[in-house]
Amino acid sequence: MKTNIKYSMKKYNISLTLLFLLLWGFSWAQETTKAVEKRESAVQLSFYKKADQTKTARVKVTAKNEHNKYMPVANAHVNVYALNNKAEELIGSGVTPVDGQVVIDLPKTLPLDADLKFTLIAKLENDPAFEDAKDQGSFREANLTVIVNPADTTRTVTVKATQTDKDGKEKPIANATINFYVQRFFGTMPAAEDKSATTDETGTGTFTLPRDIKGDTAGNIVIVAKIEDNDTYGNIDSKVAAPMGIQLAVDKNPFPRALWEPRAPAPLVITISIIFTCIWCIYFTLFYTIIKMSRDKNPPTPTGKPPYGLAYEEWVKE
C-alpha cells in the first residue's frame with residue numbers, strides 16, 4: 001500500500017514538473033515572438049538638387065503604430081543605392097531622426113542609362129525593429145538659371161530651365177512649373193499668392209515680383225526659383241540676390257524707453273523709485289518706534305547699593 005502511494009506521488013510530481021516546463025516554454029516562445037516581431041513600414045524617396053549644385057536624397061520612413069496608422073519613426077537604418085547596368089551600388093547610408101526623414105548626400109556624378117536618367121533606390125533592410133521596405137525613382141538632371149534686372153521697373157524675374165542632351169548641349173525644358181520664393185531667416189516664403197510660372201518652348205518662365213516685399217537695409221532680397229516634386233526632375237532650386245525689395249529703415253534708437261520695451265520711461269522709473277523709498281522709510285520708522293517702546297517698558301535695573309538711609313525699593317523707583 002505504501003509503495004503504491006509513493007509511486008502515485010512520484011508520478012504526480014513528475015506530471016507537475018512537466019506541466020510547469022510546458023507552461024514556461026509556451027510563455028518563453030510568446031515573449032520571443034513578440035521580441036522579434038517587426039513593424040510594417042514604408043519608405044518614400046525624394047531627389048534634391050540645390051542651388052550650389054550639390055545633390056541629396058531625402059528618405060522618409062513611416063511604420064504602423066498600435067492604432068494601425070503609419071507614423072514617422074526614428075532610428076531606422078536606410079541605405080541608398082544607384083542602379084548601374086542593373087547592378088545596385090551603395091552610395092550612402094543614414095539613420096532617421098525623430099521626424100523620420102534622413103538626408104543623404106549623393107556623389108556629384110551618378111550612373112546614367114540610355115535615356116540619360118539615373119535611378120536611385122532607398123531601402124530599409126535588415127533592421128531589427130522594422131520590416132524591409134524600399135522605394136525607387138528615376139530622375140533626369142536639370143538646371144535652373146534665375147535672371148533679374150534691378151533697373152527694370154516692372155520687377156520681372158526670368159527663369160530658364162534646361163537639361164543636357166546626349167550631345168552635351170543644353171536643351172530647354174518646356175511646360176515645367178516653377179515656383180518662386182523669397183529667402184527668409186528661417187526658410188523661404190512664397191513670393192506672392194500666385195507664386196507659379198510655366199516655361200514655354202524655349203524653357204523660359206517669367207514672374208512679376210510684388211512691390212511690398214521687405215529687404216535688408218540696402219533693399220536686397222534673395223529670390224529662389226524651384227521645381228518641386230517633379231516626376232522627371234525631382235526637386236531643383238536656384239537663387240539670386242537682387243536689390244528689388246523695400247529698404248529696411250534703420251532705427252537710430254532701437255531700444256527706446258517705452259512700457260513695451262526693455263527700458264522703461266524715465267518718469268515711470270523715478271515714480272516707482274520714490275514710492276519704494278517711501279515704503280522703506282515707513283518700515284524703518286516702524287521698526288525704530290517698536291524698539292524704542294520696548295525699551296521704555298523695561299527700564300534698566302540699577303546696580304550697586306542704595307545711598308545711606310534710602311530704601312532699596314524707593315531707590316529703584318528713582
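A few comments on the model shown:
- Net +/- balance of residues flanking ILE246 in space, Cβ distance below 9 Å, scoring K and R +1, D and E -1: +1
- From least to most packed, judged by other beta carbons within 10 angstrom and beginning with the fewest, GLU141, GLU201 follow the order GLU201, GLU141.
- Backbone phi angles across the stretch 131-147, fed through the Karplus curve with coefficients 6.51, -1.76 and 1.60 (θ = phi - 60°), yield HN-Hα couplings of 5, 5, 8, 8, 8, 9, x, 10, 10, 10, 6, 9, 10, 10, 10, 9, 10 Hz in residue order; Gly and Pro are listed as x.
- Around the amide H of ALA176, modelled in the peptide plane, lie the amide H atoms of THR199, all under 5 Å away and 5 or more residues distant in sequence or on another chain.
- Taking other C-beta atoms within 10 angstrom as a stand-in for reagent exposure, PHE284, PHE207 fall in the order PHE284, PHE207, fewest first.
- Contour minus Cα-Cα distance for LYS38 and ASP115 (0.36 nm per residue): 23.9 nm
- Amide hydrogen neighbours beyond the local backbone of ALA76, cut-off 5 Å, H modeled: THR96
- Rounded, prolate or oblate (a/c below 1.5 giving rounded, otherwise prolate when a/b exceeds b/c) for the stretch 101-193 by Cα gyration tensor: oblate
- A simple count of charges around ALA133, restricted to other residues whose Cβ falls under 10 Å of its Cβ and scoring Lys, Arg +1 and Asp, Glu -1, yields -4.
- Total formal charge among the other residues, if their Cβ is under 14 angstrom from that of GLN53, Lys/Arg +1 and Asp/Glu -1: +1
- Maximal additional length on extending the TYR288-LEU268 stretch stands at 4.2 nm, based on 0.36 nm per residue less the C-alpha distance.
- Under 5 Å from the amide H of THR208 lie the amide H atoms of VAL157, each residue being 5 or more positions distant or on a separate chain, with H modelled from the backbone and absent for Pro and chain starts.
- Per-residue ³J(HN,Hα) for the stretch 85-102, Karplus 6.51 cos²θ - 1.76 cosθ + 1.60, θ = phi - 60°, Hz, x for Gly and Pro: 6, 6, 10, 8, 10, 6, 10, x, 9, x, 10, 5, x, 5, 7, x, 10, 10
- Taking θ as phi - 60° and the Karplus parameters 6.51, -1.76 and 1.60, the scalar couplings of the stretch 62-73 work out to 10, 8, 6, 9, 5, 9, 6, 10, 7, 10, x, 10 Hz in sequence order, x denoting glycine and proline.
- Of LYS49/LYS239; LYS117/LYS166; LYS86/LYS123; LYS171/LYS195; LYS60/LYS166, those spanning more than 22 Å from alpha-carbon to alpha-carbon: LYS171/LYS195; LYS60/LYS166
Bear in mind that the values in this text are calculations on the coordinates, not laboratory data. Just so we're clear, the structure is a prediction, and the values are computed from it rather than from any experiment. Cβ atoms come from the backbone with ideal geometry, glycine included; neighbour counts cover every protein chain shown.
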